[in-house]
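The values are calculated or read from the model by the stated rules, or taken from the named source; none is laboratory data. Just so we're clear, the structure is a prediction, and the values are computed from it rather than from any experiment. Ideal geometry is used to build each Cβ from the backbone, glycine not excepted, and the neighbour counts take in all protein chains shown. To get the accessible areas, we keep the full protein, side chains included, count just its heavy atoms, and leave off ligands, DNA and RNA. Shrake-Rupley method; radii C 1.70, N 1.55, O 1.52, S 1.80 Å.
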Amino acid sequence: MNAYVTNTSNTHQGSDSLYKPAHTTILTPELMVQIDSILERFAKDPTRLVGMLLDIQDITPKQYLPKEIAVYVGEKLDLPLSRVYDVISFYEALSDVPRADIVIQFCDSVVCKVVGSRRLKEALEGILDIKTGETTKDGKYHLEAAPCFGACDISPAIRVNGVVYGPLKTEEDVRDALARYEKGGEARA
């Protein structure tokens, strides 16, 4: 069976059958086209695998890289699955488990720690009612610490689905940044 087939029906399934498809694919033809475009943008250069996987993860529902996508990328780049998984498991910014529709990262670099990322973390955990590394019950938000994402000049900062907001010194600043993101607003620097 082709790993990219989206039809999981069973022709032997009767109305009383206990059969349930073991797997529903997220690798739709539309997502394949988007992935192919990302791979082309990186000239299918395997030395740029991290960048490709980050961009692919951003367009994948729940922002993660399931096995079927790792297999697809490996085949397209002529890389063994183990190499793709080595990269996914090594880099903290990549995930092979579903996260959420909106991933919120707070910078925990030394600079951000000095200027108050602990207060930022506490504000986010309070607002979202989750701890770092968790996802809200509705699956909408996931909160995680991230190494420096290049916003030292506006730290402490957060990154919401790739959009950076900062400096965020108070809980009100955090709430404002999340509200702006929800409304499609731009980052404030």
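List of remarks:
- Residues in the range 60-78 that are in a loop (DSSP other than H, G, I, E, B) and open to solvent by less than 10 Å² (accessible area, probe 1.4 Å): 2 in all.
- Looking only at the range 79-96, and only at residues there that are more than 22 Å from residue 161 (Cβ to Cβ) and touching a helix residue (DSSP H, G or I) at 6+ places or on another chain (Cβ under 8 Å), the one that is most open to solvent (accessible area, probe 1.4 Å): 83
- Verdict on residue 111 being assigned by TED's automatic domain parsing to the domain that holds residue 179, without any contact (Cβ under 8 Å) to a residue 60 or more places away in the chain and of a type in the set (Val, Ile, Thr): yes
- Evaluation of residue 119 against (1) basic (Lys, Arg); (2) at pLDDT below 90; (3) more than 21 Å from residue 63 (Cβ to Cβ) (one fails), failing number: (2)
- Subset of the range 36-77 [over 28 Å from residue 133 (Cα atoms) and not basic (Lys, Arg)]: 36, 37, 39, 40, 42, 43, 45, 46, 47, 75, 77
- In the set 122, 172, 134, only one residue is within 29 Å of residue 67 (Cβ to Cβ), of a type in the set (Asp, Glu) and not assigned by TED's automatic domain parsing to the domain that holds residue 68; that residue is 134.
- Scan the range 97-111 for residues that are out of contact with any Phe, Trp or Tyr (no Cβ under 9 Å at 6 or more places or on another chain) and either surrounded by fewer than 15 Cβ atoms within 10 Å (Cβ to Cβ) or acidic (Asp, Glu) (or both) and the total you get is 2.
- Options 175, 159: the member that is charged (D, E, K, R), buried (at least 18 other Cβ atoms within 10 Å of the Cβ) and outside any loop (DSSP other than H, G, I, E, B): 159
- The residue list 109, 95, 89 contains one member that is in contact with a Cys (Cβ under 6 Å, 6 or more places away or on another chain) and among the hydroxyl-bearing types (Ser, Thr, Tyr), which is 109.
- Residue within the range 139-159 that is among the β-branched types (Val, Ile, Thr), more than 30 Å from residue 44 (Cβ to Cβ) and in contact with a helix residue (DSSP H, G or I) (Cβ under 8 Å, 6 or more places away or on another chain) present: yes
- Of all residues in the range 112-152, exactly one satisfies the criterion of being open to solvent by 70 Å² or more (accessible area, probe 1.4 Å) and on the phi > 0 side of the Ramachandran plot, namely 129.
- Considering (1) on the phi < 0 side of the Ramachandran plot; (2) free of Cβ contacts under 8 Å to residues at least 40 places away in the same chain, the lone condition that residue 181 does not fulfil carries the number (2).
- Any hit, the range 100-116, residues being hydroxyl-bearing (Ser, Thr, Tyr) and more than 28 Å from residue 73 (Cβ to Cβ): yes
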